[in-house]
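**Q** Could you have a look at this structure, given as structure tokens, before my questions?
The values are calculated or read from the model by the stated rules, or taken from the named source; none is laboratory data. All figures in this text were calculated on a predicted structure; none of them were measured in a lab. When we count neighbours, we look across all protein chains shown, and the Cβ atoms used for this are built from the backbone with ideal geometry, even at glycine. Each accessible area value is taken on the protein alone, full model and side chains, heavy atoms only, with ligands, DNA and RNA left out. Shrake-Rupley method; radii C 1.70, N 1.55, O 1.52, S 1.80 Å.
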Amino acid sequence: MSKMYCEKFRIPKHLEIADGAVIPAPVGEQPAMKTGNWRTERPVIDHEKCTTCLNCFVYCPDSSWHLDEKSEKMVWNPIYCKGCRICVEVCPADALRLENELNFKGGVARLDKPY
């Protein structure tokens, strides 16, 4: 952070972050970030086509994808996927397709309380 910014907002020296630094994201699921009830379509993976390139994992803004190390397959988490379609667009193997949320048992994932 710039010196002027730190002085203006009185940020202690030990809490300053260097310009261009990477701030680690919270690890694990964040209960307050459930956005699964926003989507109208969900990504469906064809594991036969998947090359495990990890693009879905890297580009997903909600960390809805992870690699299951035992099966070596990508796994999708419906609780946090808001249906932004980025994973489908960045998949070089066309292993992901969109399907209407209502085609699945249980329909859209719902929050316990509306926000």
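**Q** How far is it, in nm, from the label point at Glu48 to the one at Ile86 when both lie 7 Å from their Cα along the line to the Cβ?
**A** Between Glu48 and Ile86, the simple spin-label model gives 3.0 nm.
**Q** Show me the three semi-axes of the equivalent ellipsoid for the range 52-100, from the C-alpha gyration tensor (sqrt of 5 times each eigenvalue), largest first, rounded to whole Å.
**A** The three semi-axes for the range 52-100 are 16, 13, 10 Å.
**Q** Of all the accessible heavy-atom surface of the range 26-79, with the other protein chains kept in place and a 1.4 Å probe, what percent is carbon and sulfur?
**A** 54
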